[in-house]
Amino acid sequence: MTYLSHTVRSLRRDPIPGETVRLVLSVAEDASAETVAASVESLDGELVRELQFDRLLVEVEQSDIDAVCSLDAVTRVETDAVLGPT
């Protein structure tokens with residue numbers, strides 16, 4: 001089961017149409033970061049950059065959060081605010 005931060009759960013329930021959000025995705029050990037990035041890009045999202053510890057910083061429409069949270073290769077979804085300035 002994928003861990004979702006409180007903020008991600010809130011945005012998933014009540015997305016603001018047309019607004020984007022930056023998310024930090026943790027990629028499963030047996031998965032490919034490139035595959036996850038391609039999946040995000042197929043949602044018209046953007047890979048902002050790769051982070052340490054098999055994580056990706058991505059930007060997606062808030063209405064696409066549900067699809068991102070459903071990706072099999074993602075184990076955690078958090079907003080980038082937990083990292084401080086990115």
The chain, convex hull of Cα, quarter of hull surface, nm² -> 5.1
Heavy atoms only, probe 1.4 Å: what % of the accessible area of the chain goes to carbon and sulfur, would you let me know? 46
On a full-extension model of 0.36 nm per residue, what is the gain between Tyr3 and Ser32, subtracting their alpha-carbon distance, rounded to one decimal in nm? 8.6 nm
Note on the stretch 6-86: contact order normalised by length, alpha-carbon pairs under 8 Å, 6 or more apart, percent, works out to 43
Around Glu78, what is the net charge, scoring Lys/Arg as +1 and Asp/Glu as -1 over all other residues with Cβ under 11 Å from its Cβ? +3
Per residue solvent-accessible surface (Å²) - the chain, probe of 1.4 Å: 60
For the chain, what proportion of DSSP beta bridges, expressed in % and rounded to the nearest 5, is antiparallel? 90
Going 7 Å from the Cα of Arg22 in the Cα-to-Cβ direction, what parts of the stretch 28-67 have a backbone nitrogen less than 13 Å from that spot? 46-51, 56-60
Gaussian network model of the chain, springs between alpha carbon atoms under 10 Å - residue of Thr35, Thr20, Thr75 with greatest fluctuation: Thr35
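The values are calculated or read from the model by the stated rules, or taken from the named source; none is laboratory data. From a predicted model like this one, the values you see are computed outputs, not experimental measurements. Backbone-built Cβ (ideal geometry, glycine too); neighbour counts: all protein chains shown. What goes into the accessible areas is simple: the full protein's heavy atoms, side chains included, and nothing from ligands, DNA or RNA. Shrake-Rupley method; radii C 1.70, N 1.55, O 1.52, S 1.80 Å.
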